[in-house]
Amino acid sequence: MGPEPPRNRHLTKDDLGLEDLGYRPELKRNFSKLETFGVAFSIMGVVPSIASTIWYNLPYGGPVSMIWGWLLSAGLISFIGFAMADLASSMPTSGGLYYWTHRLAPPKYQNFLAWFVGYNSFLGNVAAVSSLAWACSGMFFACASVANEDFSASIGAQVGLYIGILVFCGVFCAYGTTVFARLQTPSVILNVVLALVTIIGLPIARRGQLNSAKFTFGGWANLTSWPNGFAFLLSFLAPVWTICSFDCAVSISEEAANASIAVPAAIVGAISSAGILGTLILIMVALSMGPDVAAVNESAIGQPLAYVYLMAFGQKGSLAIWSLICVSQVSMTASLVLPSSRQAFAFARDGALPFSNYFHHVDKWTGTPVRTVWLVVGAAVPLGFLGFADPENQAAINAIFALAIMGPYVAYGVPIFARIFWKRTFVPGPWYLGRASVPVAWVAVVWMIFAFVLFSFPGDKNPAPGEMNYAIVVTAAVWLFATVFWFTSGRHYFTGPRTEDLSDEIAADFATQAGVKPTEDPNKKQASVTVLPVDDDDDSGKGKSVSVVN
């Protein structure tokens, strides 16, 4: 456990709520409501994400998959967001997913399931960081290709830049959190500007060469060996990868002000914004890219969206826009390193990671968990070496995009399923869907199971060994490690989140901040402070109460 904070300190409502959940506040609450949304929205960074994943919808159905596949997927993903928002409002802690699992699963399974969810969450975060950094390195080299179409980066150069981006983001997130928080609003503005440039500027620049409405909304081009229907389903990878990692807002719950409202609002707001903006952007790309889908997909630049910008804005204009996209992509990567490190910190706090005592550490100078920042960066670095497995097509390294979905979807799905299937203790927070909560959660669970199976398939029907989708292999390896580690070691000491019954401390803090003293005088009016149950076997759903003079 972290050191006990000094008594008589001033605690905010958020800090008292965290003590309700059994944790003492250890991290600074640097993030406002807008900045919390900014983290979630910046990670999605719609234009850079579309640039990164257009490979997964353009050749898998052309305009039909780009627009309608995105719109359908965004609608399904919103069910996950609403289901998660209910849980985030009820239990706003950085432990998030595995904390919720432990609270909501039955005693017989709660420890193992919390352990399993924690490792899947860690896997998903590392894979997402890796995929963002890899896409970012490709974008930087696309800039060079726009400037000089004869330029071609070696796989070694791309891996080297990939590692450099990770290290840069690690330094920023480890030692510049306060500055990072302040940069979230500019990052949101930059993403909106890039979206407006694409939505408004692209069709204006291509006027006279625009595609017909029939082609824009109904053009079909399957450049893969998969049947048309299955190719359309595989195109879902692009929107699902983009509109993912929204749990990052949960991971910074202990650094967010008014977390029980700010975190669920950030989740739902980021998903909705990305879904709408993405649809509009892809409509304009389909309208402006010309009728030859294969030419766009296989351009010498090596980046379809950069090629469309080049046709519209010329070399200098496209370089200017693409440079801003690169900046946004770096911001996205850093925006995910930060909450990923907080999830790892929370997991180490509860003794679940190897060397947890080392990683559960808050740097005295920065007030942040520096060690877990470097843990996330260090775990992401080796994934970049998958690029050497298929340097020409990069099919193996592209599996990290699917991996970045599989890990989170397991981690998202288990606590949502636990809540609606086992129906254990759940105390709604101020953000709650009411009667719609359970049906929404069931749709979310079914969709996540379907998506997990779908994205286990390779990009083509008959792949060579280097073109296989290795995401399921890495995922299975993590599952095997987590399970073996559990039975050989974890089950002997891991009892779930290391919470404490802090009701006496809450009463003392409440009394101190109210300027009163505890009393046992029955003639004096008292105020009750409700504390969520810390006994995991308590299914009553009722809190304990402590009293102070009103």
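What follows is calculated from the coordinates using simple rules that are stated; it is not laboratory data. Bear in mind the structure is a predicted one, so any value in this text is a computation, not a measurement. So basically every Cβ, Gly included, is an ideal-geometry build from the backbone, and we count neighbours across all protein chains shown.
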Percent relative contact order for region 31-500, counting Cα pairs under 8 Å at least six residues apart, stands at 35 percent
Which three extents, in whole angstrom, do the alpha-carbon atoms of region 186-234 cover along their principal axes, largest first?
-> 42, 31, 14
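Within 10 Å of each residue's Cβ, count the other Cβ atoms and sort Val129, Val445 from fewest upward.
Details: Val129 31, Val445 20.
In increasing order of surrounding Cβ atoms, one gets Val445, Val129.
So how do Leu58, Leu280 line up by other beta-carbon neighbours within 10 Å, fewest first? Walk me through the numbers before you get to the answer.
On the way: Leu58 27, Leu280 17.
Sorted ascending by nearby Cβ count, the order is Leu280, Leu58.
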Run the numbers on region 129-265 and let me know its relative contact order in percent, using alpha-carbon pairs under 8 Å that are six or more apart.
-> 12 percent
Hey, got the Cα dimensions of region 31-500 along the principal axes, in Å, largest first?
-> 67, 46, 45
Using per-residue counts of other Cβ atoms within 10 Å, averaged over each peptide, order 206-213, 31-38, 195-202 from highest down.
-> 31-38, 195-202, 206-213
Which Cα, out of Val159, Leu234, Cys244, lies furthest along the positive dipole direction of region 31-500 (beta carbon charges, K/R +1, D/E -1)?
-> Cys244
Val293, Val377 arranged by Cβ crowding within 10 Å, fewest neighbours leading = Val293, Val377
Considering the convex hull of the alpha carbon atoms of region 204-287, report its projected area averaged over all viewing directions, in nm², one decimal.
-> 8.1 nm²
When the dipole is taken about the Cα centre of region 31-500, and only Lys, Arg (+1) and Asp, Glu (-1) are charged at their Cβ, what size is it in debye, to the nearest 20?
-> 1100 debye
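Using every Cα-Cα pair within region 277-333, state what percent have a distance larger than 12 Å.
Details: 1103 of 1596 pairs.
Of all Cα-Cα pairs in region 277-333, 69 percent lie more than 12 Å apart.
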